[in-house]
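Below: one structure, written as structure tokens.
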Amino acid sequence: MSAPILEVKDLKAHFHTRRGIVKAVDGISFQVQPGETLGIVGESGSGKSVCQMSYLGLIPQPPLRIAGGEALFKGTDLLKARPSTMRQLRGNRISMIFQEPMTSLNPYLRIGSQLIEPLVLHCQKSKKEAWKIASEALAAVGISDPEAAMRAYPHEFSGGMRQRVMIAMALTTKPDVLIADEPTTALDVTVQAQILEILKKLQAQTGMAVIFITHDLGVVAGIADRVLVMYAGRLFEEGTTEHVFYRSHHPYTQALLRSTPRIDVTQGSLPAIGGLPPDLSRLTGGCPFYERCGQHKDVCANQFPKVYWPEPNHRSYCHLEEAV
Amino acid sequence: MSSDGISLYPPTPAPAPASAMVPSEDAMEEAGVSLWQDAFRRLFKNRLAMGGFFFLVFLTLVCILTPWIAPYSFDQQNLQYTLQPPSWTHWMGTDVLGRDLFTRVLYGGRISMLVGILASIVSVIVGVVYGSVSGFIGGRTDNLMMRFVDILYALPFIFLVIILMVYFGRNIFLLFIALGLTQWLTMARIVRGQVISLKHKEFVQAAESMGVPAHSIIFRHLIPNSLGPVIVYLTLTVPSVILDEAFLSFLGLGVQAPMASWGTLISNGVEAMEVAPWLLIFPATLLSLSLFSLNFLGDGLRDALDPKGARD
Amino acid sequence: MSTAAMVVEDLKVHYPVRKHLFSPSKSTFLKAVDGVSLELRPGEILGLVGESGCGKSSLGRAIIRLNKPTSGKVQIGGVDFLSLQGAPLRKARTQVQMIFQDPYASLDPRMTVFDILAEPLVTHKTRDRQLLARKIRLSLETVGLSSRALKKYPHEFSGGQRQRIAIARALILEPKVIIADEPVSSLDVSVQAQILNLLKQIQTQFGLSMIFISHNLAVVRYISDRIAVMYLGKIVEVAPRDELYRSPRHPYTQALISAVPIPDPRLERERRRIPLTGELPSPINPPKGCAFCTRCSKVFDRCRTEAPVLRSVASAHSVSCFEVEKSP
């Protein structure tokens, strides 16, 4: 395997609030290979978004504090990089697209002006060259009249179109990594299918790596090569989609899969996960899934499990593995 | 459900779904913490607001106890001791007619505070009812009601008050009402804005779909949820009214001599500024301190009641 | 049919839209609901699906009279619901209740849980305080909350718990029909199944009829008995659950089902998606003829000039499409 383009080691990011320390990300490690899609699955409060935004410097540092770890992008530790270095990387080598395309675009500027911005800023293109590249990018994401689109304002577009514009904007600089944070959650399912197709096609063309954050297991099954399952700031399981969907070794992943309604079968019953997601400011050192886990042991309450490798490239963090 | 009325009692106990049980319930305390309690907790931590609050409490107490505290009577003249600077017998000095300034400041405070509070209450009652009804009904009625408000807004209040004073004579209660009536307009707009944004919230729709009548919706749902901005604006109305009254008195339209409000005292003080500056400094300082306190309290309340800050 | 729990006949919700300040009013309309007829059988859960702008929420709100329907009839338990006013209306409202999407907005933040649950009873003149308290406690038990919740305020609960309170509130008047408008869409995935199971359980326990509105076809498959698919204000297909997913006939339904991702990587790899070209037309200017004609892969001339109607193609399965009419 070639060297990973992004390697995060034991990242810890905590929010210091009046109510206490919220351990939003508590010891997450993962790697992303060039050209692959890593899906990060988790519910709200799992830390899946904070994890990515923290090492990119997109969260103000108070109240966030990086309590440890490394985030190596092509060998450079982003956590120790200077703000100027980070500014050169963001939007250029590492691009992000977000859930709400309406708020990601400036409503007062035409699409064209916003699209050429990263090119002019990072790639030293002239306005004319940038305009051409941007138009081509719009065509690549399936917008039928790129020239007209360049001159239009964001409010003239529907949600799906705006998200295509965001993708175009993220890809004009030919980044090495694209981080997509719930990009299709706010879209209709037919539009979502279109956007996911575009992302897959563009990824195949450019060879970039994609980190795809979502809570939707169906989407992850369709787009990811490998999957990370996060819960309450911790990593529970990681492996290929084959591993995680068919041979999961973690009670949470299994429970999540069982409790997700499917469109291809009629399910007589849906075993729900009981209880509530934990309060992140009141975590003990044990497994955060302890109270809701149907198979917990006493040790789970006090100690977070070590890593176990049921198969090569498939790891799981659960005390149940110990007995085996 | 069966038709015997009390069908929420199942004939055989229905098995509660195990997955519905909330294991962390034991962690819940008994009584709830309302949003008001939460807001007051935050307010208590705001030192400026609390400072202002205590000053106002102190001032109110002093004003209530004035007849017992004041060393002299407010119209007691002593022509041998006119324009005396502050001394042990006259803590704030005397004015041009030998009246004790301290006494007059105390009595003046009573008038000013009374005007402020009563006029504000008038403005709140009229404004809240008018604004909430207008906002709730909506449509053309709302349009008409608000255009009426716009028209009143355009009238300079001072003329209104002058006309009222001239027509009905100079009566202190009239003064309160007149000043209150100038302030209700903004209050009505604020409340209407709140009500309109609340009207479409789902808890109001839920009440409608249950058959809750309109007046209940307005008084039980809309007004309590609008109180935040109302309270904040109230603490800003009071200083506004006190200043208006001071202005009127300055012009000679407010309370009549020998009764004095801070406004008249300041007006007199300005005239005697070069000879007896204390006549201006004391009432002006007290007026300013009161206004500052009200403003700090208002700011503190606004921050405390901001729902975004509640979920920390 | 007199045995239906609820019958909707040709319901329309049209909002007049002014193009600019001086244009003649009421010349253009936003057709949120454009002639919907359906029947809700006693004890069934009817799923109402569609994407944004299809009018499913507007339909739900129009039925319960939160929006003003432009025309049409709604019969609940044999009574013409839309024509009622005043006291008879208030009484009839006890028969149909709604559960809203946003558990954070559907409960008054300044009222305790007790007050929230008491309000419907008090509005409908339950004076006996003991009876009031018993009903409240019972409704809480039904949704799996303890009576310790009564003194608390909504913001002290999680999203799933608030939704339970909202369900308890909807149940407390003992309605025959419940309209659930996206009740799990705002909830975390791990909590959704809890609430879905709760809804299924109370529906069986109390014999309710329910309209379950959602954009999530997988959720709708789990909970519904029959399903109606909406597009641009109209119903394009109605079928029993398994039938709809096994053999969808309307091109839109087919495209919709093919677009929903399945949490199964091998299946996802092998799936063939039916692509939808173009964008959703605006409900202000719906296309003449079939609403779907601008995006349909099987469109032909008649579709552009004439609007199809729902026709039965199998038992309990109706489709509104000329292509299907050609070869049922």
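The values are calculated or read from the model by the stated rules, or taken from the named source; none is laboratory data. Bear in mind that the values here come from a model prediction, so they are computed numbers and not experimental data. No Cβ is skipped: glycine too gets one built from the backbone with ideal geometry, and neighbour counts run over all protein chains shown.
Can you tell me which residue in the range C:151-173 is nearest to the other protein chains (Cβ to nearest Cβ), limited to those that are surrounded by fewer than 21 Cβ atoms within 10 Å (Cβ to Cβ) and in contact (Cβ under 8 Å) with a residue 40 or more places away in the chain?
Across the range C:151-173, the extreme among qualifying residues is C:His155.
Pull up the range C:121-141, narrow it to residues that are of a type in the set (S, T, N, Q) and facing another protein chain (nearest Cβ under 7 Å), then point me to the one that is nearest to the chain's Cα centre (by Cα). Don't jump to the end; show me each part of the working.
Our first condition is that a residue be of a type in the set (S, T, N, Q); within the range C:121-141, this holds for C:123, C:126, C:130, C:139.
Checking the rest, the ones that are also facing another protein chain (nearest Cβ under 7 Å) come to C:123, C:139.
Values: C:Thr123: 25, C:Ser139: 23 Å.
Residue satisfying both the conditions and the ranking: C:Ser139.
For residues in the range C:230-274 being crowded, with 19+ Cβ neighbours inside 10 Å and of a type in the set (Gly, Ala, Ser), which is farthest from the other protein chains (Cβ to nearest Cβ)?
Checked the range C:230-274; the qualifying residue farthest from the other protein chains (Cβ to nearest Cβ) is C:Gly233.
Among the numbered criteria (1) surrounded by fewer than 23 Cβ atoms within 10 Å (Cβ to Cβ); (2) in contact with a Leu (Cβ under 9 Å, 6 or more places away or on another chain), which single criterion is violated by B:Gly254?
So the condition that B:Gly254 fails would be (1).
So, of the residues in the range A:236-247 that are within 11 Å of chain C (Cβ to nearest Cβ) and in contact with a helix residue (DSSP H, G or I) (Cβ under 7 Å, 6 or more places away or on another chain), which turns out to be nearest to A:Ser316 (Cα to Cα)?
The selected residue is A:Val244.
Scanning the range C:54-69 for residues that are within 11 Å of chain B (Cβ to nearest Cβ), in contact (Cβ under 8 Å) with a residue 40 or more places away in the chain and among the hydrophobic types (A, V, I, L, M, F, W, C), which turns out surrounded by the most Cβ atoms within 10 Å (Cβ to Cβ)?
C:Ile63
Out of the residues in the range B:156-213 meeting the condition of being polar (S, T, N, Q) and closer than 16 Å to B:Leu234 by Cβ, tell me which one is modelled with the highest pLDDT.
Looking at residues that are polar (S, T, N, Q) and closer than 16 Å to B:Leu234 by Cβ, I get B:Gln194.
Identify, from the list A:Arg234, A:Arg164, the residue that is basic (Lys, Arg), crowded, with 22+ Cβ neighbours inside 10 Å and closer than 30 Å to C:Ala255 by Cβ.
Numbers: A:Arg234 fails: closer than 30 Å to C:Ala255 by Cβ.
Testing whether each residue is basic (Lys, Arg), crowded, with 22+ Cβ neighbours inside 10 Å and closer than 30 Å to C:Ala255 by Cβ leaves just A:Arg164.
Which strands (runs of 3 or more DSSP E) does the range A:19-88 wholly contain that include 2 or more residues that are under 30 Å from B:Arg41 (Cβ atoms)?
Filter on the range A:19-88 gives A:20-32, A:64-73.
For the range C:90-112, which positions are facing chain B (nearest Cβ under 7 Å) and either of a type in the set (Gly, Ala, Ser) or over 21 Å from the mean Cα position of the chain (by Cα) (or both)?
C:Arg90, C:Ala105, C:Ser106, C:Asp108, C:Pro109, C:Arg110, C:Thr112
List pairs: first residue in the range A:209-235 and more than 9 Å from chain C (Cβ to nearest Cβ), second residue among the basic types (Lys, Arg) anywhere in the structure, Cβ distance under 7 angstrom, at least six positions apart or on different chains.
Qualifying pairs under 7 Å: A:Ile213/A:Lys48; A:Met230/A:Lys48; A:Gly233/A:Lys23.
Mind checking which pairs have a first residue in the range C:70-84 that is farther than 20 Å from C:Ser58 by Cβ and a second that is among the basic types (Lys, Arg), Cβ under 8 Å, 6 or more apart or different chains?
Note: pairs meeting the criteria are C:Gly77/C:Lys176; C:Asp80/C:Lys73.
Considering only residues that are assigned to a helix (DSSP H, G or I) and touching a helix residue (DSSP H, G or I) at 6+ places or on another chain (Cβ under 6 Å), which ones fall in the range C:177-197?
C:Val191, C:Gln194, C:Ile195, C:Leu196
Just checking, how many residues over the range C:182-211 are more than 8 Å from chain A (Cβ to nearest Cβ) and either surrounded by fewer than 20 Cβ atoms within 10 Å (Cβ to Cβ) or in contact with a Ser or Thr (Cβ under 6 Å, 6 or more places away or on another chain) (or both)?
Of the residues in that region, 8 qualify.
Taking the residues in the range A:250-274 that are touching a Leu at 6+ places or on another chain (Cβ under 9 Å) and more than 7 Å from chain C (Cβ to nearest Cβ) as candidates, determine which candidate is farthest from A:Gly239 (Cα to Cα). Spell out the reasoning first.
Of all residues in the range A:250-274, those touching a Leu at 6+ places or on another chain (Cβ under 9 Å) come to A:250-251, A:256-261, A:263-264, A:270, A:272-273.
From the residues that got through so far, the ones that are more than 7 Å from chain C (Cβ to nearest Cβ) too are A:250-251, A:258.
Values: A:His250: 11, A:Pro251: 15, A:Arg258: 18 Å.
Ranking the qualifying residues of the range A:250-274, first place goes to A:Arg258.
The conditions are (1) out of contact with any Lys or Arg (no Cβ under 7 Å at 6 or more places or on another chain); (2) surrounded by 17 or more Cβ atoms within 10 Å (Cβ to Cβ); (3) under 21 Å from A:Leu178 (Cα atoms), and A:Glu36 fails exactly one of them. Which is it?
(1)
Counting just the residues of the range C:212-229 that are within 14 Å of chain A (Cβ to nearest Cβ) and under 11 Å from the mean Cα position of the chain (by Cα), which one comes out nearest to C:Val33 (Cα to Cα)?
Taking the range C:212-229 as the starting set, the residues that turn out to be within 14 Å of chain A (Cβ to nearest Cβ) are C:212, C:214-227, C:229.
From the residues that got through so far, the ones that are under 11 Å from the mean Cα position of the chain (by Cα) too are C:212, C:214-215, C:220, C:227, C:229.
Details: C:Phe212: 17, C:Ser214: 16, C:His215: 16, C:Val220: 21, C:Ile227: 17, C:Val229: 13 Å.
For the range C:212-229, the residue satisfying everything is C:Val229.
Can A:Gly286 be described as at the interface with chain C (Cβ under 8 Å from one of its Cβ atoms), more than 27 Å from C:Tyr245 (Cβ to Cβ) and more than 17 Å from the chain's Cα centre (by Cα)?
No; evaluated as a whole, the condition is false for this residue.
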